[in-house]
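Working notes, structure below.
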Amino acid sequence: MSVSSVPASAQLAECPRADGRSAQSVGVPGTPVLPVLGDGIRVPLAAGGEIEYAALDYAASAPALGRVWDDVSAYAPYYGSVHRGAGYLSQLSTDLFEQSRAAVARFVGCRPAAEGAPAEEADQVVFTRSTTDSLNLLAAALPQGTRVFVFETEHHASLLPWRDHTTQVLGAPRTPGQAVELLADALASAPQGPRLVCVTGASNVTGEFWPVAELAEVAHRHDARIVLDAAQLVPHHPVDIGELDVDWIAFSGHKLYAPFGAGVLAGRSDWLRAAQPYLAGGGASRKVSREADGELAVEWQTTAARHEAGSPNVIGAYSIASACRALAEAGFDRIVARERELLRRLRRGLAELPEVRVLSLFGPDAPRVGVVSFVVEGWNSSHFAAALSAEHGIGVRDGLFCAHPLLRALLGAEDADPGECGAPEAAPGERSLNAVRVSFGVGTPDEHIDRFVAAVRELVREGAKLNYRTEEGRCVPDVASAPRRNAPTGEKTAH
């Protein structure tokens, strides 16, 4: 059975590499690189009226690409069980699922088996639920006695899964070179045995690139392996496992312009083949029999299926592969160039406001993706984000971004209680113990960045128009009160 039986709009063509070598170089346009769902959606303002929604929370969940949604819709009538049925739709769905795996492998540069080695020694693509799920799967597959090295600056998804292993948490480096030195010193002084380094590719707080290739070189020099949390990197920049020389990468579909519910762990197969299945059940097992003593004997799969028990999320896998194809065909040269221009406009606008402090680990000149976090003098960040939404129709994120140790270090609030939803409150005029994050991507219009900068300027200089209060842990407008302007900076009404 061939996937070519599906209508052309749902077929998964050859997916180019993420470096865009198969895509023609395109100049920087003034419009989004690719259309996304939700473009042009209008939302209500608290004081009345409607406005086009500016979705600037891509770092949490990026809107799905229109092309991905079209591909999934075209396939949906052909939906069938995977690896289970003899029927036409089941065989077709199985073919599509496995072609999606191959497409993702090409996109991230998975390495083939060495010459003369069994095919199962090639890098594997395991479909999971998310980046968090991928890293927990890898944590469950680590050999006994593995020592894990991780910087405290990581997202909780890559900071917390290793708690059942001996974990060495490294401090917050202030330069990329210092990060490399910290890791080298830690590995040099650590006991012998299996070792794993976990590091992000781009910070979900500051957007800054981490020196992944350099950290991988240090790790391998000290007989350690390295896994890359690429959740914030793959939507914005080409990622190639072989060129970076990392052992695994993990990322989520919902940050890669695909719908919720699917993720990827890709990389070396040996530890995954040797480990007990992440989940025990159908699909992970090759053969199950009852022995004479009544015990069950199980022969597990040696491929990625070993860790994909149960009916797989074929639509999730296909949507990730579709997104990979769309991004690669658009060309990462075009994506990177346009996001760099949007970032320049954004940071230039914020720099004109002395009350705004942009957070950075490696310094203001450090290269980064389209993620910027900041605090505003005299404002609680939850209050500020709520005003952006209620009064300007702009969606951003506020809080500690599931990176509590990093935010506390950047804000100088090591003892801050994260409070409800990771967003501690502050009294009027006090420094905020959380931050505002604005993030964008391939579907962001220039106008949304300009609107955001203008809204920040208005709030800083004129204050909010409404009063705000805390309701169920969130800051919301008090629509029962009359519209008003807050007092000058330093006396703003907190929620």
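The values are calculated or read from the model by the stated rules, or taken from the named source; none is laboratory data. Keep in mind that what you see is a predicted model, and the values were worked out from it rather than measured. Note that each Cβ is placed from the backbone with ideal geometry, even for glycine, and that neighbours are counted across all protein chains shown.
Details
- Within segment 285-310, restricting attention to residues that are among the polar types (S, T, N, Q) and not in a loop (DSSP other than H, G, I, E, B), the residue that is nearest to Ala141 (Cα to Cα) is Ser285.
- Cβ-Cβ under 6 Å pairs, at least 6 apart or on other chains, segment 464-480 side without any contact (Cβ under 8 Å) to a residue 60 or more places away in the chain and surrounded by fewer than 20 Cβ atoms within 10 Å (Cβ to Cβ), far side in a loop (DSSP other than H, G, I, E, B) and acidic (Asp, Glu): Asn467/Asp478; Arg469/Asp478
- Among the candidates Val218, Val150, residue that is at pLDDT 95 or above, surrounded by fewer than 24 Cβ atoms within 10 Å (Cβ to Cβ), farther than 30 Å from Tyr58 by Cα and of a type in the set (Val, Ile, Thr): Val218
- Some residue of segment 171-190 being in contact with a Phe, Trp or Tyr (Cβ under 6 Å, 6 or more places away or on another chain), in a strand (DSSP E or B) and modelled with pLDDT of 95 or more: no
- Within segment 323-401, strands (runs of 3 or more DSSP E) holding 3 or more residues that are at pLDDT 95 or above: 356-358, 371-376
- In segment 186-195 there is no residue that is in contact with a helix residue (DSSP H, G or I) (Cβ under 9 Å, 6 or more places away or on another chain), in contact (Cβ under 8 Å) with a residue 24 or more places away in the chain and within 30 Å of Asp57 (Cα to Cα).
- Look at (1) surrounded by fewer than 22 Cβ atoms within 10 Å (Cβ to Cβ); (2) assigned to a strand (DSSP E or B); (3) of a type in the set (Phe, Trp, Tyr) and you find that Phe251 fails only one, number (1).
- When residues in segment 411-454 are screened for being part of a helix (DSSP H, G or I) and either out of contact with any strand residue (DSSP E or B) (no Cβ under 6 Å at 6 or more places or on another chain) or at pLDDT below 95 (or both), 10 of them pass.
- Residues (surrounded by fewer than 19 Cβ atoms within 10 Å (Cβ to Cβ) and in a loop (DSSP other than H, G, I, E, B)) located in segment 260-284: Phe260, Gly261, Ala275, Gln276, Leu279, Ala280, Gly281, Gly282
- Only one of Ala59, Ala64, Ala76, Ala47 that is touching a residue at least 60 places away in the same chain (Cβ under 8 Å), among the small types (Gly, Ala, Ser), under 23 Å from Val264 (Cβ atoms) and surrounded by fewer than 16 Cβ atoms within 10 Å (Cβ to Cβ): Ala76
- When the residues of segment 79-95 are filtered to those that are buried (at least 20 other Cβ atoms within 10 Å of the Cβ) and touching a Phe, Trp or Tyr at 6+ places or on another chain (Cβ under 6 Å), the one that is nearest to Ile315 (Cα to Cα) is Val82.
- Search result, residues across segment 155-170 that are part of a helix (DSSP H, G or I) and either loosely packed, with under 14 Cβ neighbours inside 10 Å or among the small types (Gly, Ala, Ser) (or both): Ala157, Ser158
- Subset of segment 274-314 (residues that are in contact (Cβ under 8 Å) with a residue 60 or more places away in the chain and of a type in the set (S, T, N, Q)): Gln276, Thr302, Thr303, Ser311, Asn313
- The C-beta contact set for segment 200-211 (first residue modelled with pLDDT under 95, second residue small (Gly, Ala, Ser) and assigned to a loop (DSSP other than H, G, I, E, B), distance under 7 angstrom, 6+ apart or interchain) is empty.
- Going through (1) touching a helix residue (DSSP H, G or I) at 6+ places or on another chain (Cβ under 9 Å); (2) of a type in the set (Asp, Glu); (3) within 20 Å of Gly85 (Cα to Cα) one by one, Glu355 falls short only on (3).
- Segment 195-212 - residue that is over 14 Å from Leu406 (Cα atoms) and out of contact with any Phe, Trp or Tyr (no Cβ under 9 Å at 6 or more places or on another chain) and, of those, surrounded by the most Cβ atoms within 10 Å (Cβ to Cβ): Val212
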